[in-house]
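Laboratory data are not the source of any read-out in this text; all were calculated from the coordinates shown. It should be emphasised that the depicted structure is a prediction, and the values quoted were computed from it without experimental measurement. Every residue, glycine among them, receives a Cβ derived from its backbone with ideal geometry; neighbour counts consider all protein chains shown.
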Amino acid sequence: MYGKSDPKWPAIVQQWKATQQALAAKLRIVPLRPLPRFVAGADAAFSENRRSVLAAAVVYDRLERRIVEIARACRPIEFPYVPTFLSFREGPAVLEAVGKLRHPWGAICFDGQGYAHPRRCGLATHLSILLDRPGVGIAKSRLIGTFVDPPPQAGSRCPLMDGDEQIGLVLRTKDGTRPLFVSIGHRVDLESAAELALACVGRFRIPEPTRQADLEVSRLKRALAGSVTSPMMPPGRLSQ
DNA sequence: GCGACAG
DNA sequence: ATCTTGTCGC
């Protein structure tokens, strides 16, 4: 895996910035209406040995409130985590999982920022543009931007600002819980993104597409960990 | 220079 | 993301 100490690192980061700027130039902002019935969701995690990126993509049926398809992917980790360049680390695995989805979906939710990024190209925007499909960024915490805490009621929101430009929304999805940071990915507008996020909320703070993808990637992680038994351990499931 | 910093 | 037990609250 590449590292910050690699002599090629500065060049790699410059290339990444150029890539993000080129992608952001292709961003299209349009309303997403009506909101799609089938919404995809994707998330990533690390394999137990931390040498691979595991990803899961799901398709959520808003009408029946259930997951109708699950896809997975596993790829070697090629880069360390560097703030503002998350998509280069997790993107490949996530894209592979999304590509395996066969059921139709009208929009996809990503676990991270979209437009609310220094170069307006967070993971959600980066991947949505590569897919050229409607996408939304739903992050659990802030990367950049200033805001005032929204009221404790579910549905309340406050603008996420970068100077005088609104880059996203701080949205409370459940009463008395920490708000989420919603921003557009691609082919949606901020209001549609907020409505989609709220329309996908079930019993928990995190909208179902992203929450289910997270649960699924965790299961994959455990499954892989259990299948790779250490040579120094007796057969069977003694480790739990 | 110092602090911040999605997952 | 991940490390980690109990514990506060619905």
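See the values below:
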quantity: Residues (in a loop (DSSP other than H, G, I, E, B) and under 15 Å from residue A:58 (Cβ atoms)) located in region A:205-215; calculated: A:206, A:207
quantity: Residues within region A:22-62 that are more than 15 Å from DNA strand C (Cβ to nearest atom) and small (Gly, Ala, Ser), tallied; calculated: 5
quantity: Residue check, residue A:39 under 29 Å from residue A:218 (Cβ atoms) and not polar (S, T, N, Q); calculated: yes
quantity: Given (1) closer than 23 Å to residue A:217 by Cα; (2) part of a loop (DSSP other than H, G, I, E, B); (3) touching a Ser or Thr at 6+ places or on another chain (Cβ under 9 Å), number of the condition residue A:84 does not satisfy; calculated: (3)
quantity: Index of the failed condition, residue A:150 passing every other in (1) within 12 Å of DNA strand B (Cβ to nearest atom); (2) without any contact (Cβ under 8 Å) to a residue 60 or more places away in the chain; (3) touching a Cys at 6+ places or on another chain (Cβ under 7 Å); calculated: (1)
quantity: Sole exception among (1) under 23 Å from residue A:16 (Cβ atoms); (2) surrounded by fewer than 24 Cβ atoms within 10 Å (Cβ to Cβ); (3) within 16 Å of DNA strand B (Cβ to nearest atom) for residue A:97, by number; calculated: (2)
quantity: Residue selected from region A:69-112 under the condition closer than 17 Å to residue A:39 by Cβ and within 14 Å of DNA strand C (Cβ to nearest atom), by the criterion farthest from the chain's Cα centre (by Cα); calculated: A:94
